[in-house]
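Visitor: Below you will find the structure I want to go over with you.
The values are calculated or read from the model by the stated rules, or taken from the named source; none is laboratory data. Every value quoted in this text rests on a predicted model; they were computed, and no experiment measured them. With ideal geometry, Cβ positions are generated from the backbone for all residues, glycine too; neighbour counts draw on all protein chains shown. Surface areas here come from the heavy atoms of the whole protein model, side chains and all, with no ligands, DNA or RNA. Shrake-Rupley method; radii C 1.70, N 1.55, O 1.52, S 1.80 Å.
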Amino acid sequence: MQSISRRGFVISAATAGAAFGLYRPLEFVGGAFAQQAGANEVLKFNVGDVEVTQLFDGIWQKAHDPKFIRNATVDETKAALRAGGLTDAHVPIPFTVTAVRIGGRLVLFDSGTGAQLAPTAGNITKNDLWKAAGIDPAKVETIIITHFHPDHISGLMAKDTNAAIFPNAQIHVPAAEYKFWTAPTTTAGAAKRIQAVFPGWKNIRQFEGDSEVVPGVRAVNTNGHTAGHTSYQIGSGNQQLIVLGDVTNIRALNLKNPGWHLAFDGNPQLAEANRRKIFDRVVADKVTVTGYHFGFPGAGTIARDGNGYALVPVKA
């Protein structure tokens, strides 16, 4: 996995603290894309013998900020949102957690916001959501993390005590990501909380490079968003699923416009290069993907769309 020096990988405190689609015709689907609380929050589908479950954790109504997209204006951002069938009153950033059952093992990718980042997010903390998904959170034994931004790891820790929410789970993390965020020289965003909690947990397992993390799940280097950002490939015969994590933010922005550099990307040039590389791969191989910020459903195949890409979403 490509390494990035801390000097070359600058994330502002404000950015890291906030950071936290049978297929339909090619389109941006406004209603499903801009999922609101109270709508269906669990989706199940299969990729070969792999059962995939998506849990909608909610949405962050992010206020417009001229610094949010480094190389696009607020007016351009609003136009892209409208073209995607979304409101332009704010940036609607959804959170969708993916779980898979493979070879008798349940694997949860990331942990949601833990109801700690926005009043309109945190559905992952509801027992009814887990029940609808057919998952007993007390029996979750394997969690694999894409990266350490708060919207992906806050669901691991209780809000006030940092107590482990999944004490019986082994938590697999990219070594490059762990080393970056636990280094004393990293002080931005969630670093203080990570440094206070993770080194004391005995159930964290670090892995190096593009290795097999657990049987049937292989790491894929997609860093740039963070120092060790990692996606994951799950295979079932000729059919493949890739859990992308934050290769892009919402579809209307830098899926449609892959050259747009969002403030959450620590190394935007590397993030863009790996974004284009992974999307060209999944387009060529017709791979099913899930995206943490794609909306709900947050899974489907990727197709080229002009100079960018679009999601052909799975049927809800």
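Visitor: Tell me the strands (runs of 3 or more DSSP E) entirely within the range 153-256 that contain at least 3 residues that are within 18 Å of ARG281 (Cβ to Cβ) and not hydrophobic (A, V, I, L, M, F, W, C).
Guide: 230-236
Visitor: Considering the range 284-311 alone, what residues qualify as being of a type in the set (S, T, N, Q) and farther than 18 Å from GLN239 by Cβ?
Guide: Result: ASN307, single match.
Visitor: Taking the range 37-73 only, how many residues are open to solvent by less than 70 Å² (accessible area, probe 1.4 Å), farther than 27 Å from PRO119 by Cβ and acidic (Asp, Glu)?
Guide: Number satisfying all stated conditions: 1.
Visitor: A further question on this structure: Within the range 188-197, is even one residue under 29 Å from VAL74 (Cα atoms), more than 19 Å from the chain's Cα centre (by Cα) and open to solvent by 10 Å² or more (accessible area, probe 1.4 Å)?
Guide: Yes, the range 188-197 contains at least one residue that is under 29 Å from VAL74 (Cα atoms), more than 19 Å from the chain's Cα centre (by Cα) and open to solvent by 10 Å² or more (accessible area, probe 1.4 Å).
Visitor: Moving to a separate point now. Given the conditions (1) in a loop (DSSP other than H, G, I, E, B); (2) open to solvent by less than 10 Å² (accessible area, probe 1.4 Å), which single one is not true for THR87?
Guide: (2)
Visitor: State which residue is surrounded by the most Cβ atoms within 10 Å (Cβ to Cβ) when the search covers only the range 124-173 and only residues that are modelled with pLDDT of 95 or more and among the polar types (S, T, N, Q).
Guide: Checking each candidate, the answer is THR146.
Visitor: Any residue that is in a loop (DSSP other than H, G, I, E, B), modelled with pLDDT of 95 or more and either β-branched (Val, Ile, Thr) or open to solvent by 50 Å² or more (accessible area, probe 1.4 Å) (or both) - is there at least one of those in the range 98-109?
Guide: So far as the range 98-109 goes, no, none of its residues is in a loop (DSSP other than H, G, I, E, B), modelled with pLDDT of 95 or more and either β-branched (Val, Ile, Thr) or open to solvent by 50 Å² or more (accessible area, probe 1.4 Å) (or both).
Visitor: Might you check whether a residue that is under 29 Å from GLN206 (Cα atoms), out of contact with any helix residue (DSSP H, G or I) (no Cβ under 6 Å at 6 or more places or on another chain) and buried (at least 23 other Cβ atoms within 10 Å of the Cβ) occurs anywhere in the range 248-257?
Guide: For the range 248-257, residues under 29 Å from GLN206 (Cα atoms), out of contact with any helix residue (DSSP H, G or I) (no Cβ under 6 Å at 6 or more places or on another chain) and buried (at least 23 other Cβ atoms within 10 Å of the Cβ): present.
Visitor: Identify, by number, the condition in (1) among the aromatic types (Phe, Trp, Tyr); (2) in a strand (DSSP E or B); (3) closer than 22 Å to PHE207 by Cα that TYR309 doesn't meet.
Guide: Exception for TYR309: condition (3).
Visitor: Something else now. Give me the pairs, please: first residue somewhere in the range 83-96 and among the acidic types (Asp, Glu), second residue anywhere and surrounded by fewer than 23 Cβ atoms within 10 Å (Cβ to Cβ) and modelled with pLDDT of 95 or more, beta-carbon distance under 6 Å, and either six or more positions apart or on two chains.
Guide: So the pair list comes out as ASP88/LYS78; ASP88/LEU81; ASP88/ARG82.
Visitor: Here is a list: GLY291, GLY295. Which entry is surrounded by 15 or more Cβ atoms within 10 Å (Cβ to Cβ) and touching a helix residue (DSSP H, G or I) at 6+ places or on another chain (Cβ under 6 Å)?
Guide: GLY295
Visitor: Still on this structure, I have one more. With respect to VAL282, is the statement that it is part of a strand (DSSP E or B), surrounded by 16 or more Cβ atoms within 10 Å (Cβ to Cβ), within 17 Å of the chain's Cα centre (by Cα) and of a type in the set (Val, Ile, Thr) true?
Guide: Against the criterion (part of a strand (DSSP E or B), surrounded by 16 or more Cβ atoms within 10 Å (Cβ to Cβ), within 17 Å of the chain's Cα centre (by Cα) and of a type in the set (Val, Ile, Thr)), VAL282 does not qualify.
Visitor: For residues that are under 21 Å from VAL91 (Cβ atoms) and charged (D, E, K, R), scanning just the range 270-279, find the one that is least open to solvent (accessible area, probe 1.4 Å).
Guide: If we take residues in the range 270-279 being under 21 Å from VAL91 (Cβ atoms) and charged (D, E, K, R), then ARG275 is least open to solvent (accessible area, probe 1.4 Å).
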